[in-house]
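The values are calculated or read from the model by the stated rules, or taken from the named source; none is laboratory data. Here the structure is a predicted model, which is why all the values come from computation and not from measurement. Quick reminder, even Gly has a Cβ in these numbers, built from the backbone with ideal geometry, and neighbours come from all protein chains shown. Keep in mind that these areas ignore ligands, DNA and RNA; they rest on the heavy atoms of the full protein, side chains included. Shrake-Rupley method; radii C 1.70, N 1.55, O 1.52, S 1.80 Å.
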Amino acid sequence: MFSTNVFSYVNVLNKAADASWLREEMITNNISNANTPGYKRRDVDFQSVLRQELGNMKYQTLDSKVDNVDLSRLNASPYYDYAGYSYRIDKNNVDIDTENVELASEKIRYDALTDSMTQEFSRLRSVMQ
């Protein structure tokens with residue numbers, strides 16, 4: 001039996017797609033609560049988690065970094081944005097325009113991630129034929 005890391009990229013892409021999906025949910029929740037007094041926006045920061053995990057392995061190629069990523073540490077979790085300043089009297093810090101831009105950006109990111117996974121599977125399929 002031989003060991004292979006053929007799904008390393010797919011696994012990392014899958015974690016990133018899950019985080020992107022979660023961020024889309026947080027943004028749509030922010031939009032729906034734009035007029036709720038006292039509501040604090042929520043967000044997800046997966047990029048810094050991935051950057052930190054890949055950055056721990058300096059002086060390695062991207063392939064070897066992805067092969068050695070600890071998937072259990074690639075978890076995105078929502079956080080409250082208390083630092084976001086509110087200029088409203090009701091202390092709600094959701095800016096509807098910013099949220100709509102972030103939602104459009106996140107949809108593009110999610111589509112790119114799922115497209116990348118599809119391409120990886122297509123490459124694997126062509127190799128197996």
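Report, by residue number, each residue of the range 102-129 that is open to solvent by 80 Å² or more (accessible area, probe 1.4 Å) and in contact with a helix residue (DSSP H, G or I) (Cβ under 6 Å, 6 or more places away or on another chain).
Arg109
Can you name the number of the only condition in (1) modelled with pLDDT of 90 or more; (2) open to solvent by less than 60 Å² (accessible area, probe 1.4 Å) that Trp21 fails?
Exception for Trp21: condition (2).
Working only within the range 60-117, note down all residues that are of a type in the set (A, V, I, L, M, F, W, C), over 16 Å from Ala16 (Cβ atoms), touching a residue at least 60 places away in the same chain (Cβ under 8 Å) and assigned to a helix (DSSP H, G or I).
Listed by number, the residues that qualify are Ile96, Leu103.
Can you tell me which residue is most open to solvent (accessible area, probe 1.4 Å) among those in the range 73-101 that are over 13 Å from Lys40 (Cα atoms) and small (Gly, Ala, Ser)?
Within the range 73-101, the match that is most open to solvent (accessible area, probe 1.4 Å) is Ser77.
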